[in-house]
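The values are calculated or read from the model by the stated rules, or taken from the named source; none is laboratory data. None of the values given here were measured: they were computed from a predicted structure. In this analysis, Cβ positions are derived from the backbone assuming ideal geometry, glycine residues included, and neighbour counts consider all displayed protein chains.
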Amino acid sequence: MTFALVLYGVAVLAVGLGTARAASRSRDAYLVGDRSFGPGVTWAALSSTTIGGSTTLVLAALVAQVGLPGLWLDLAGALGLAALGLFLARTVRETGAVTISEVIGRFYGPRVRRVAAFLVVLAEIVWFALLAEATMTVLVAATPWSPTPVLVATAAVFIAYTLLGGQRAVVRTDVLQFGLMSAGLLGVALPLAAASLAKTGAPGALLAFPLSPRFGFLDAVALLVLVGLPHAVGSDVWSKLLSARDAGVARRAALGAAASKVAFGLSTATIALAGVGLGLGVPPAELFPKTVVALAGPALAPFLLVAMIATMQSSSDSVLLSASAATVHDLLPRRFATPGWGRVFVVVWGAAGLAVALLLRDLIETFRLGYTLFASGLILPTLAAFVPSVRVAPAAAAAAMLAGGAAALVERFSRVAGVDPVLVGTAVNAAILVAGLRRRERDGGRR
């Protein structure tokens, strides 16, 4: 297994080194790859970005706990990507922006752009922590290695090739990783899991769908908000669309990624049910990698381990680059918008994400924290900006972002209302937006 992992690590670092010179030419070369990516590459890159720890480890744990209704975690993401492709992707790409914060700033002004960038950086740091933890979980489940050295080493690899080649390295490794993910998880692990499940069966309580006694209507709604909206309005997702060759490529990539999301979600659910059927008796977060390794046997285990690592890594580089882009392009003065400073902040925010991972050490909680912050703060004001008949005062948009995110975090850690934090934060966000909309309407009536 060690040889396979080293070979994979060398391959992704070689991609970073091979793209470093081209990425150093300009800001756009580093952050959006000179917008040079065609339909196949953009589809593979966006698919691999949106299929990571949440579509595998977190989904498998949820399916084991509540049954097939846990698939709403993945279906929500697929619906978000489909909505993005149908309604937003073309417009997003036609802005010619570099980051999601820049797009938001074109509607609300520079102050709101900075608020949005601040929230993007916070969310991406937590998401990087999630993906570093997910990689550690896979490696520790499949090897005798100690967690902390594994966590530090994997984070270092993520940071290294991302800082070298920027978006070019991210996209090219995404294509490699998507190939490994597809061959390993869809081509090998899924048939093995289906065969195992046919022999062992799964508890009937886990097979109810779309809802179950353990997973009700509000749980589904919470996932549609928590996961679905960030797939429609997401900084790492939009970075791929903004790097596409044209608007048509961006639209097709989003729709294709929605289909990929469904395929991998169904595969993960099958693997999770197979693990339950085998009676592995492992912690929920380890169910996916433990099941894959148990099904693979010694001959296939190294290849499937690399496929699982590729799945985690395919998202981590994107969130790291998005955090760096938001910093140098949206938060700092223009003189910082260079490949050199972009590389500096890849390291800075990668180190911050590693610190969060070392502090939390809870895969499910890290997942919820990252998505809650982003979904509750950024998404509704962004969507409102794209509705032709809606005009929100910039001050209200900024207040909605900050107050929505803050309310969700307070509920996440205090549980005062006893409601899913993302619903609390989104409700606060929506209320402020409505107040801002009404004020604008009254001001317009006076004039």
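Residues to consider are 333, 339; find the one that is out of contact with any Cys (no Cβ under 9 Å at 6 or more places or on another chain), farther than 30 Å from residue 61 by Cα and without any contact (Cβ under 8 Å) to a residue 60 or more places away in the chain. I'd like the intermediate steps shown before the answer.
Details: 339 fails: without any contact (Cβ under 8 Å) to a residue 60 or more places away in the chain.
So the residue among 333, 339 that is out of contact with any Cys (no Cβ under 9 Å at 6 or more places or on another chain), farther than 30 Å from residue 61 by Cα and without any contact (Cβ under 8 Å) to a residue 60 or more places away in the chain is 333.
Could you tell me how many of the residues in the stretch 28-57 are at pLDDT 90 or above, among the β-branched types (Val, Ile, Thr), closer than 30 Å to residue 210 by Cβ and assigned to a helix (DSSP H, G or I)? Summing the residues that are at pLDDT 90 or above, among the β-branched types (Val, Ile, Thr), closer than 30 Å to residue 210 by Cβ and assigned to a helix (DSSP H, G or I) in the stretch 28-57 gives 3.
Out of 102, 94, which single residue is of a type outside the set (A, V, I, L, M), surrounded by fewer than 24 Cβ atoms within 10 Å (Cβ to Cβ) and in contact with a His (Cβ under 8 Å, 6 or more places away or on another chain)?
Working: 94 fails: in contact with a His (Cβ under 8 Å, 6 or more places away or on another chain).
Of 102, 94, the one residue that is of a type outside the set (A, V, I, L, M), surrounded by fewer than 24 Cβ atoms within 10 Å (Cβ to Cβ) and in contact with a His (Cβ under 8 Å, 6 or more places away or on another chain) is 102.
The sole residue among 116, 160, 141, 153 that is assigned to a helix (DSSP H, G or I) and surrounded by 24 or more Cβ atoms within 10 Å (Cβ to Cβ) is 116.
Of all the numbered requirements in (1) surrounded by fewer than 24 Cβ atoms within 10 Å (Cβ to Cβ); (2) under 28 Å from residue 64 (Cα atoms); (3) more than 21 Å from the chain's Cα centre (by Cα); (4) at pLDDT 95 or above, residue 202 misses one, and that requirement is (4).
The residues on offer are 410, 387, and the sole one that is over 22 Å from the mean Cα position of the chain (by Cα) and surrounded by fewer than 16 Cβ atoms within 10 Å (Cβ to Cβ) is 387.
Here 232, 253 are screened, and the one residue that is touching a Ser or Thr at 6+ places or on another chain (Cβ under 6 Å) and surrounded by 23 or more Cβ atoms within 10 Å (Cβ to Cβ) is 253.
All of 222, 193 fail the test of being closer than 30 Å to residue 12 by Cβ and either assigned to a helix (DSSP H, G or I) or touching a Gly at 6+ places or on another chain (Cβ under 9 Å) (or both), apart from 193.
Figure legend. Inter-residue proximity from the stretch 266-286: first residues touching a residue at least 12 places away in the same chain (Cβ under 8 Å), second residues in a helix (DSSP H, G or I) and of a type in the set (Phe, Trp, Tyr), beta-carbon distance below 9 Å, spacing 6+ or different chains. Indicated pairs: 268/288; 271/288; 272/288; 275/288. When residue 210 is tested against the conditions (1) touching a residue at least 60 places away in the same chain (Cβ under 8 Å); (2) assigned to a helix (DSSP H, G or I), the lone failure is (2).
So, residue 405, is that one of a type outside the set (Lys, Arg) and crowded, with 24+ Cβ neighbours inside 10 Å or not? Break it down into steps so the answer makes sense when it comes.
On the way: of a type outside the set (Lys, Arg): yes; crowded, with 24+ Cβ neighbours inside 10 Å: yes.
Taking the combined requirement at face value, the residue satisfies it.
Residues in the stretch 1-27 that are polar (S, T, N, Q) and either surrounded by 17 or more Cβ atoms within 10 Å (Cβ to Cβ) or at pLDDT 90 or above (or both): 19, 24.
Touching a helix residue (DSSP H, G or I) at 6+ places or on another chain (Cβ under 7 Å), surrounded by fewer than 22 Cβ atoms within 10 Å (Cβ to Cβ) and within 25 Å of residue 112 (Cα to Cα) - does that describe any residue in the stretch 344-357? Yes.
Any residue in the stretch 1-25 that's in contact (Cβ under 8 Å) with a residue 24 or more places away in the chain: show its pairings with residues that are in a helix (DSSP H, G or I) and polar (S, T, N, Q) at Cβ separation under 6 Å, as long as the two are six or more apart or on different chains. Pairs that qualify, where the first residue is in contact (Cβ under 8 Å) with a residue 24 or more places away in the chain and the partner is in a helix (DSSP H, G or I) and polar (S, T, N, Q), are 12/173; 15/173. A count restricted to the stretch 1-26 and to residues that are within 29 Å of residue 302 (Cα to Cα) and either within 26 Å of the chain's Cα centre (by Cα) or not hydroxyl-bearing (Ser, Thr, Tyr) (or both) stands at 18. With respect to (1) surrounded by 22 or more Cβ atoms within 10 Å (Cβ to Cβ); (2) outside any helix (DSSP H, G or I); (3) not hydrophobic (A, V, I, L, M, F, W, C), the lone exception for residue 77 is condition (2).
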